[in-house]
Amino acid sequence: MHEYAVVDELIGALVPRLAEHPGRVRAVVVRKGELRILSDHALVNAFEILARGTRLEGADLVVETVATAVSCPACGYQGPTGRFGGEGDHFSIPVLSCPQCGSDVRVDAGRELYVDHVTLSDDSTANG
Amino acid sequence: MHDVRFTGEDILARQLELAEANYRRLREKHVRSISVLGAIGSGKTTLVEQAIDRLRGRGLRVATIAADSAGDDDHRRFLARGAKSVNVNTQDDCHLDAHTVDHALDALPLEEVDVLFIENVGNLICPADFPLGADAEVVVISVTEGDDMVRKHPKIFAQTDFVVVNKVDLAPAVGVDPKRIVDDYSAVNPHGKLFLTSLRRGEGLDELLDALGLGCTSTQW
């Protein structure tokens with residue numbers, strides 16, 4: 001359950017940055033690369049609990065997934081990777097290798113984890 | 001309603017900065033650092049124990065950071081092998097973080113160290129998102145955990161470049177074919193390196209240490 005540690009960092013960094021933005025926080029939208037080993041469900045649960053007593057209490061945590069993209073230093077390929085798994089009930093994962101020539105690749109997207117935006121409503125008191 | 005947009009700084013930026021500081025600190029002292037993680041009972045501690053002996057034979061001085069939820073059993077084992085060691089208890093935390101490693105480094109005489117092993121808490125999943133600042137990361141699993149370990153944790157293995165499959169001497173007894181693990185790993189990570197070991201017998205360790213670049217004295221890095 002390392003999601004709690006991640007959400008703890010998130011709240012600690014976000015609250016001071018919102019100080020200059022009045023209003024009620026409705027949603028915190030996070031973008032998470034698909035290579036990150038973090039459960040969306042656990043992130044949302046952790047957020048609900050750890051946000052209590054902070055400016056973010058009652059806001060929704062929304063987790064959007066960022067697909068993996070790579071570039072190949074050998075052949076110049078840029079784009080998505082091949083996948084492993086995906087049959088039956090198994091989800092598939094990206095294979096970090098060039099789908100064109102098989103060389104080792106650089107990961108351009110898929111490892112990020114950041115707050116994209118926060119949605120605020122203009123009143124700071126109403127509940128609805 | 002209105003949106004406040006952010007610059008895309010990583011949520012774990014503070015951790016990443018601390019990890020980079022650890023990395024620079026170890027580099028400046030010419031210490032090569034290896035982070036060892038893996039499931040409970042896979043053989044992480046035995047790997048480090050054997051590496052202490054083996055690297056001493058190669059003229060290298062080894063230090064260790066031994067992390068466990070509680071106790072100092074691993075730490076004592078490393079001290080008994082003649083390594084400088086720091087014990088870290090993470091208590092209820094399921095992973096080490098860069099901040100804890102920074103404090104542990106304060107307690108080590110880095111000028112007298114060539115190679116540092118950081119043994120994480122026994123846990124295959126949680127440590128993966130917390131970089132410590134080590135030069136290389138080794139994931140240790142064993143055949144007794146089953147031959148489907150890679151298939152069950154593909155994301156970990158897709159991003160781990162050094163994998164040790166330990167206790168291969170027990171494979172027949174537990175009905176596991178190590179080749180299945182090898183094949184799965186090469187499918188999820190075609191550029192990674194996998195080592196079949198029997199660490200209690202010291203088998204397969206030299207190949208790993210060579211691949212980690214721990215082949216000679218510290219002047220090389």
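Just so it is clear, none of the values below were taken in a lab; they were calculated from the coordinates. These numbers come from a predicted model, not from an experiment. Glycine also receives a Cβ, built like all others from the backbone with ideal geometry; neighbour counts cover every protein chain displayed.
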_Which residue fluctuates most in the GNM of chain B (Cα springs below 10 Å): B:74, B:97, B:148?_
B:148
*With labels modelled as points extended 7 Å from the Cα through the Cβ direction, what inter-label distance (nm, one decimal) is found for residue B:136 paired with residue A:40?*
3.7 nm
_Label-to-label distance, nm, for residues given as residue B:112 and residue B:201 (7 Å Cα→Cβ offset)_ = 3.7 nm
*With a Förster radius of 51 Å, plug the Cβ-Cβ distance of residue B:73 and residue A:122 into 1/(1 + (r/R0)^6) and report the FRET value to the nearest 0.05.*
0.30
*Other chains near A:75-84: what is the mean number of their Cβ atoms within 10 Å of each residue's Cβ?*
1
*Mind pulling the angle between the C-alpha long axis of helix A:3-17 and the longest principal axis of chain A? Nearest 10 degrees, somewhere in 0 to 90.*
60 degrees
*Where does each of B:174-183, A:13-22 land if you order them by average Cβ count within 10 Å, highest first?*
B:174-183, A:13-22
*Taking R0 as 41 Å, what's the FRET efficiency between residue A:26 and residue B:25 from their Cβ-Cβ distance, rounded to 0.05?*
0.45
*asked:* I want the antiparallel fraction of DSSP beta bridges within the range A:11-128, as a percent rounded to 5.
replied: 70 percent
_Rounded FRET efficiency, nearest 0.05, which uses the C-beta distance separating residue B:182 from residue B:53 and R0 of 45 Å_ = 0.95
*Considering every Cα-Cα pair within the range B:13-220, what fraction, in whole percent, is farther apart than 20 Å?*
54 percent
*Paramagnetic reach from residue A:103 in the range B:172-198 [backbone N under 20 Å; point 7 Å along Cα→Cβ]*: B:189-193
*Charge dipole (chain A, unit charges on Cβ, about Cα centre) - positive-most of A:10, A:119, A:78*: A:78
